[in-house]
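Chemist: Attaching a single structure in structure tokens format; questions to follow.
The values are calculated or read from the model by the stated rules, or taken from the named source; none is laboratory data. This one's a predicted model, so the numbers in the text were calculated from it and none came from an experiment. Because the Cβ atoms are built from the backbone with ideal geometry, glycine has one as well, and the counts that use them run over all protein chains shown. When the accessible area is computed, the model is the full protein with side chains, heavy atoms only, and any ligands, DNA or RNA have been set aside. Shrake-Rupley method; radii C 1.70, N 1.55, O 1.52, S 1.80 Å.
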Amino acid sequence: MQERLLLTSSPHIGTKDTVSRVMLDVIIALLPATMGSIYFFGLPAFKLIMVSVIAAVATEAIIQKLTKKTITIKDCSAALTGLLLAMNIPPAAPWWIAAVGSAFAIGIAKQAFGGLGQNFINPALAGRAMLMASWPVIMTTWSAPGADAVATVTPLALLKPGSEATGELPSLMDAFVGNIGGCLGETSALLLLIGAAYLFYRRVISWRIPFTYIATVAVITLVASGGDFTNMLYHLFTGGLMIGAFFMATDYSSSPITVKGQIIFGIGAGVITSVIRLYGGYPEGVSYSILLMNLAAPIIEKYTSPKLFGEVK
Amino acid sequence: MKLSNLTFKGGIHPPYSKELSKKASIEPCIVPEVVVIPLSQHIGAPCDPIVKIGEAVKVGQKIGESKSFVSAPVHSSVSGVVKKIEEIDSPLGNKTKAVVIESDGKNEVSEEVKPKGNLEDLSPEEIVEIVKEAGITGQGGASFPTHVKLSPPPDKKIDTVILNGAECEPYLTADHRLMVEESESIVYGLKAIMKAVGVKKGYIGIEDNKPDAIEAMMKASANEPEIEIVSLETKYPQGDEKRLIDAATKRQVPAGGLPMDVGVIVNNVGTADAIAKAIKTGMPLVERVVTITGDAVVTPKNLMVKIGTSFKEVVEQCGGYKEGLGKIVMGGPMMGNAQFTDNVPVVKGTSGILLLSEKEVSAPPMDPCMRCGRCVYACPVNLQPTALEKLTSRERFDETEKYHIWSCIECGTCSYVCPARRPLVHSIRVAKKALSDKQKRESK
Ligand code: SF4
Ligand code: SF4
């Protein structure tokens with residue numbers, strides 16, 4: 001018999017899943033859209049992605065080194081934040097935009113609040129919001145897919161009631177496949193949906209937030225346009241809704257953990273997104289609506305504790 | 001006779017690993033040269049020895065009892081001579097007094113052991129008395145004295161008895177084999193329990209990964225219109241009392257309440273078998289079926305082991321350990337107790353001896369909680385284990401009560417699913433302990 005037996009308390013077996021595997025799964029799920037962005041926007045897109053990921057990982061390592069904490073870059077969460085931020089940058093942006101955004105996302109929005117699981121807003125979205133506030137022009141200059149980067153407007157700008165933007169609306173098919181202007185990773189609904197399917201398959205995310213979010217936007221835009229189905233589809237497949245609903249709103253740290261809370265979170269984000277898109281000052285509202293719901297998440301969570309088994313009403 | 005797949009919300013599907021031993025018929029274990037019989041084997045008051053050093057004892061002879069109601073007597077499992085009465089380490093993790101008996105190898109049965117007559121002729125009170133005198137405790141692991149369960153307070157109207165044959169713990173197959181091989185005896189025991197508490201409705205709940213057990217029990221109960229076999233979805237912790245009651249009767253035991261609050265009494269199938277034997281032969285609980293399994297034992301088996309046999313000898317009968325043993329667990333991998341030695345005796349609640357390799361029990365290092373929510377969705381009681389762990393790690397024990405810590409059944413489901421390996425159920429145990437220590441201090 002062995003001399004030293006392990007004496008830890010039960011359970012004595014556990015899942016084979018790990019934190020890094022879960023984070024890696026999200027990165028894998030983003031790969032189709034990442035490849036797509038490089039295909040559509042070429043080398044500049046590739047450069048932005050690399051800079052963003054490297055800056056995110058480096059920031060995490062440096063901060064943890066300086067504060068003498070365990071370096072956790074192996075859990076892949078910093079790389080994921082970097083990748084997500086890159087997906088939210090216009091392809092024509094200079095490389096340092098990605099670097100600054102990533103450093104902010106990891107340094108301020110994540111590590112300053114205690115690291116993985118402690119941040120109450122989505123780090124990548126916080127990074128994007130900071131970039132938007134500081135360099136609004138860079139962050140809203142869109143180029144059309146293709147090598148020679150022609151300036152263009154996004155479909156959402158064209159759809160906006162009372163908008164002065166002019167141009168031709170891309171075909172719905174182009175919008176779905178991603179052959180349109182927009183941020184790196186948000187243009188192809190198709191590729192994002194393939195990634196989302198993988199996340200469901202791996203049980204990394206549940207239907208609750210993305211489904212309620214997208215359904216709410218669908219209903220509101222359909223009603224607001226007086227039943228114009230095509231208009232609704234443009235709202236679903238262009239802009240940041242798909243990447244937001246499947247990859248950002250589902251961020252574990254900054255969304256409620258409770259089942260009911262997640263449904264409320266999804267609906268809330270859907271309402272705010274629609275209101276901003278239809279009546280607000282910007283053509284797009286996905287990032288801000290998720291950030292606003294991030295702030296509300298702790299309260300939502302508090303009031304949606306699951307009902308205890310056998311709880312007396 | 002009903003057969004429908006029933007279940008509860010939450011829960012998990014760990015690898016069941018039952019193939020190792022589920023085909024192995026129950027074999028008698030060797031009679032050891034020495035048995036060490038603890039005087040405390042269950043929840044409730046410990047027994048006092050009623051034999052002296054040097055005294056000769058026989059199989060089934062009572063050697064310890066207690067005046068307290070919540071207690072069950074203990075009996076000798078061999079014939080021989082009392083050598084010592086000493087303090088030992090029990091497999092439940094505490095120290096207890098035990099009677100050490102040297103066997104004479106003859107297995108002579110005590111004169112006290114006599115058949116108790118026909119079930120039809122026994123009154124409910126007589127049945128409860130037989131159960132008490134036979135020292136029967138819950139065979140599922142928790143080991144609560146069974147006669148106490150069969151004596152509900154008069155204001156609780158009991159109308160249903162459920163036998164628990166779910167055996168939802170991975171690896172264990174003791175109940176499974178018992179249902180296949182002793183189905184008649186289990187039905188007899190159920191009828192005795194039903195008579196003892198005066199009810200007309202009996203269920204036997206079995207997880208659907210044991211089709212042969214379901215079939216055997218259906219056959220054995222074919223002529224018993226009052227008994228229904230209920231097939232349950234295979235899911236951990238299906239065998240928890242409250243989950244089982246919910247699945248079989250659709251009644252939810254109120255949080256903080258007991259099964260009897262919804263008119264139900266739950267017993268393990270092994271307990272029913274022990275009751276049947278106590279009535280038919282008069283033999284008290286001196287042996288039980290133990291599953292010896294895991295990836296670190298040479299030949300996994302189901303053995304009929306005499307109470308008091310050391311784990312070491314039981315494992316030797318299964319070919320011994322393989323290289324790289326990492327953990328010895330009494331019970332199943334989800335709720336069992338890890339042992340620091342194999343020099344502990346089999347007790348009434350020993351459903352299994354699980355031998356896991358270092359490889360099997362080595363876990364990746366702990367990470368911070370990423371709030372993935374898996375523990376929340378899997379908790380069968382709908383608790384928020386991650387919140388409880390965070391409060392415990394900050395020593396804010398009082399606040400854990402607001403998160404219903406006392407409703408936790410310590411099933412370990414949350415810890416099992418956590419990708420960050422947070423010690424969730426462990427911290428809940430720590431907080432419960434801290435809270436009850438505080439209560440004790442305050443009541444002084
Ligand atoms: S399963 Fe683990 S990582 Fe996930 S929320 Fe629960 S404690 Fe946190
Ligand atoms: S151990 Fe407690 S908190 Fe964890 S899953 Fe079981 S009942 Fe829920």
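Chemist: For residue A:202, what accessible area in Å² do you get when you roll a 1.4 Å probe over the heavy atoms of the protein chains, rounding to the nearest 10?
Modeler: Near enough 70 Å² of accessible area.
Chemist: What are the residues whose amide H is under 5 Å from the amide H of residue B:203, where those residues sit 5 or more places off or on another chain and H is modelled from the backbone?
Modeler: Counting only residues 5 or more places away or on other chains, the set is B:161, B:162, B:163, B:228.
Chemist: In whole percent, and with a 1.4 Å probe on the protein chains, what portion of the accessible area of the protein assembly as shown is carbon and sulfur?
Modeler: C and S atoms contribute 60 percent here.
Chemist: Could you pull out every one of the aspartates and glutamates with an alpha carbon less than 12 Å from that of residue B:201, ignoring same-chain neighbours closer than 8 positions?
Modeler: Candidates past the 8-residue exclusion: B:159, B:224, B:226, B:228.
Chemist: With every protein chain kept in place and ligands, DNA and RNA left out, what is the accessible area per residue of chain B? Probe 1.4 Å, answer in Å².
Modeler: Here the residues of chain B average 39 Å² of exposed surface.
Chemist: Between residue B:215 and residue B:200, how many nm apart are label points set 7 Å from Cα along the C-beta direction?
Modeler: Inter-label distance under the simple model: 3.4 nm.
Chemist: Where a Cα-Cα gap under 18 Å defines reach, which aspartates and glutamates qualify for residue B:327, not counting those fewer than 8 residues away within the same chain?
Modeler: Within the straight-line cut-off, residue B:327 pairs with A:3, B:89, B:169, B:295, B:313, B:316, B:342, B:358, B:360.
Chemist: Another question about this same structure. How much FRET efficiency would the formula 1/(1 + (r/R0)^6) give for residue B:395 and residue A:47, where r is the Cβ-Cβ distance and R0 is 51 Å, rounded to 0.05?
Modeler: With R0 = 51 Å, the Cβ-Cβ based efficiency is 0.55.
Chemist: While we're here: Need the list of aspartates and glutamates near residue B:114 for cross-linking: C-alpha distance under 20 angstrom, and skip anything on the same chain fewer than eight residues off.
Modeler: B:65, B:125, B:126, B:129, B:133, B:273, B:287
Chemist: Where in region A:1-43 are there trypsin sites (Lys or Arg not before Pro) that are in a DSSP coil and have at most 14 other Cβ atoms within 10 angstrom of their Cβ?
Modeler: A:4, A:16
Chemist: At 7 Å along the Cα-to-beta-carbon direction for both residue B:323 and residue B:27, put a label point, then send me their distance in nm to one decimal.
Modeler: Spacing of the two 7 Å Cα→Cβ label points: 2.5 nm.
Chemist: Leaving ligands and nucleic acids out of the surface, order A:85, A:222 by accessible area at 1.4 Å, largest first.
Modeler: Reading off the accessible areas and sorting them downward yields A:222, A:85.
Chemist: Next question. Check each of the trypsin sites (Lys or Arg not before Pro) in region B:61-93 and keep only those in coil by DSSP with at most 12 other C-beta atoms within 10 angstrom; list them in order.
Modeler: The qualifying sites are B:67.
Chemist: Follow-up question, since we're still on this one. Just read off the accessible area of residue A:305 with the full protein assembly in place, 1.4 Å probe, to the nearest 10 Å².
Modeler: Probe radius 1.4 Å; accessible area of residue A:305 about 60 Å².
Chemist: Please give the direction-averaged projected area of the C-alpha convex hull for the protein assembly as shown, in square nanometres with one decimal.
Modeler: 37.2
Chemist: Among A:72, A:230, what's the order by accessible area (1.4 angstrom probe), most exposed first?
Modeler: Of A:72, A:230, the descending order of accessible area is A:230, A:72.
Chemist: Continuing with this model, one more query. Taking a 26 Å limit on the Cα-Cα distance, which of the listed pairs B:83/B:306; B:301/B:322; B:219/B:348 fall beyond it?
Modeler: Over 26 Å apart, Cα to Cα: B:219/B:348.
Chemist: Can you show me the helix-derived [θ] at 222 nm for chain B, built from DSSP H runs with n ≥ 4 at -39,500 (n - 2.57) apiece and divided by the number of residues, rounded to the nearest 500.
Modeler: The helix contribution divided over chain B gives -7500 deg cm²/dmol.
Chemist: What does the extension gain come out to for residue B:436 and residue B:316, with contour length at 0.36 nm per residue minus their alpha carbon separation?
Modeler: Additional length available on full extension: 39.1 nm.
Chemist: Taking every residue in B:429-442, how many Cβ atoms of other protein chains lie within 10 Å of its Cβ, on average?
Modeler: 0
Chemist: Note the count of lysine pairs whose C-alpha atoms are less than 23 angstrom apart in region A:19-299, limited to pairs 8 or more residues apart or on different chains.
Modeler: 6
Chemist: For region B:102-215, just the Cα set please: Rg and Dmax, both in angstrom.
Modeler: According to the Cα coordinates of region B:102-215, Rg and Dmax are 16.1, 49 Å.
Chemist: Could you give the radius of gyration (one decimal) and Dmax (whole number) of the Cα atoms in region B:330-444, in Å?
Modeler: 15.9, 47
Chemist: If you don't mind, there's one more thing I want to ask. May I ask you to compute the full-extension gain from residue A:35 to residue A:311, defined as 0.36 nm times their residue separation minus their alpha-carbon distance, rounded to one decimal in nm?
Modeler: Computed gain between residue A:35 and residue A:311 is 94.4 nm.
Chemist: Of A:264, A:138, B:127, which has the most accessible area with a 1.4 Å probe, and how do the rest follow in descending order?
Modeler: Largest to smallest exposure gives the sequence A:264, A:138, B:127.
Chemist: Kindly give Rg over Rh for region A:162-313, based on alpha-carbon atoms, with the Kirkwood expression for the hydrodynamic radius.
Modeler: When Rh is taken as the Kirkwood radius, the ratio is 1.01.
Chemist: Let me check against my output: what whole-number percent is the relative contact order of region B:374-443, with C-alpha pairs under 8 Å and at least 6 apart?
Modeler: In percent, rounded to a whole number, it is 36.
Chemist: Next up: Of B:358, B:228, B:207, which has the largest mean-square fluctuation in a 10 Å C-alpha GNM of chain B?
Modeler: Top of the fluctuation ranking is B:358.
Chemist: If you wrap region A:169-238's Cα atoms in a convex hull and average its projection over all directions, what's the area in nm²?
Modeler: 5.0
Chemist: Tell me the GluC sites (Glu not before Pro) within region B:83-167 that lie in a loop according to DSSP and have at most 11 other beta-carbon atoms within 10 Å.
Modeler: Here the GluC sites (Glu not before Pro) that fit, given the DSSP loop and packing criteria, are B:111.
Chemist: Round to the nearest 0.05 the FRET efficiency obtained for residue B:9 and residue B:81 when R0 = 45 Å and r is the Cβ-Cβ distance.
Modeler: Computed FRET efficiency for residue B:9 and residue B:81 comes out at 0.25.
Chemist: Over all directions, how big on average is the projection of the convex hull of the alpha-carbon atoms in chain A, in square nanometres?
Modeler: Computing the convex hull of the Cα atoms and averaging its projections yields 20.6 nm².
Chemist: Quick one: among A:30, A:233, A:278, which has the greatest mean-square fluctuation in a GNM of chain A with alpha-carbon springs under 10 angstrom?
Modeler: A:233
Chemist: Only counting protein heavy atoms at a 1.4 Å probe, give the residues of region A:285-313, ordered by number, whose accessible area falls by 40 Å² or more when the other protein chains are present relative to the chain alone.
Modeler: Listed by number, the residues meeting the 40 Å² cut-off are A:306, A:308, A:309, A:310.
Chemist: So what are region B:195-292's ellipsoid semi-axes, whole angstrom, largest first, if each one is the square root of 5 times an eigenvalue of the alpha-carbon gyration tensor?
Modeler: 22, 18, 16
Chemist: Across region A:25-35, in residue order, what do the Karplus-derived ³J(HN,Hα) couplings come to in whole Hz, using 6.51 cos²θ - 1.76 cosθ + 1.60 with θ = phi - 60° and x for Gly and Pro?
Modeler: Values, residue by residue: 4, 5, 4, 4, 5, 7, 4, x, 5, 5, 4 Hz.
Chemist: Once you keep just the Cα pairs under 8 angstrom separated by 6 or more residues, what percentage relative contact order results for chain B?
Modeler: Here the relative contact order equals 19 percent.
Chemist: List the residues, sorted by chain then number, that are 5 or more residues from residue B:256 or on another chain and whose placed amide H is less than 5 Å from its amide H.
Modeler: So residue B:256 has HN proximity to no qualifying residue.
Chemist: Tally Lys and Arg at +1 and Asp and Glu at -1 over the other residues with C-beta under 11 Å from the C-beta of residue A:88: what net charge comes out?
Modeler: Summing Lys and Arg as +1 and Asp and Glu as -1 gives -1.
Chemist: Right, here's the next one. Can you pull the accessible area of residue B:33 for me, 1.4 Å probe, Å² to the nearest 10?
Modeler: 140
Chemist: Please find the FRET efficiency linking residue A:228 to residue A:279, where r is the Cβ-Cβ separation and R0 is fixed at 22 Å, and quote it to the nearest 0.05.
Modeler: It comes out at approximately 0.85.
Chemist: In whole Å, what is the distance between the alpha-carbon centres of region B:327-404 and region B:155-193?
Modeler: The two parts, judged by their Cα centres, are 26 Å apart.
Chemist: State, in angstrom, two size descriptors of chain B derived from its alpha carbons: Rg to one decimal place and Dmax to the nearest whole number.
Modeler: 21.4, 64
Chemist: Does any residue of region B:394-409 lose at least 20 Å² of accessible area with all protein chains in place compared with its chain alone, and if so which ones (probe 1.4 Å)?
Modeler: Buried by 20 Å² or more upon assembly, which counts only protein chains, are B:404.
Chemist: Taking chain A as a Gaussian network, Cα atoms linked when under 10 Å apart, which of A:137, A:217, A:100 shows the biggest mean-square fluctuation?
Modeler: A:137
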